[in-house]
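Just so it is clear, none of the values below were taken in a lab; they were calculated from the coordinates. Predicted model only: the values in this text are computed from it and were never measured. Using ideal geometry, Cβ is built from the backbone for each residue, glycine included, and neighbour counts are taken over all protein chains shown.
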Amino acid sequence: MLTVIRHVGNQALHGSGTSDQSVVLILDETQTELVELIFESINELVDELVTKPKASKRFLELVPQSVLDRLNKPAS
């Protein structure tokens, strides 16, 4: 899905004036399923790469440093 998103974005921004078939398919008003799939994929990417890491960081910031030190200590 990322390959399709990248290709369509590149063609839409940097195309040679004539859209290739993938861009035409994406922009077709009767073909809404593909557009919905692309936006769902983008939302999932943002969730995985931005939202979840920020939530994990906030969670770890609430854990006392002494606990984190013990957890990160190599097993003896």
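Which of LYS73, LYS52 comes first, and how do the rest follow, when ranked by fewest Cβ neighbours within 10 Å? Before the final figure, lay out the partial values.
Working: LYS73 8, LYS52 11.
Least to most surrounded, the residues fall as LYS73, LYS52.
Once you have the Cα-Cα distance between ARG70 and VAL50, take 0.36 nm times their residue separation minus that, and quote the gain in nm to one decimal.
Details: separation 20, 0.36 × 20 = 7.20 nm, distance 2.77 nm.
Contour length minus the Cα-Cα distance gives 4.4 nm.
Could I have the simple spin-label model distance between LEU2 and THR30, label points 7 Å from Cα toward Cβ, reported in nm to one decimal?
3.4 nm
Pop a pseudo-label 7 angstrom from the Cα along the beta-carbon direction at both LYS57 and ASN10 and give the gap in nm to one decimal.
3.0 nm
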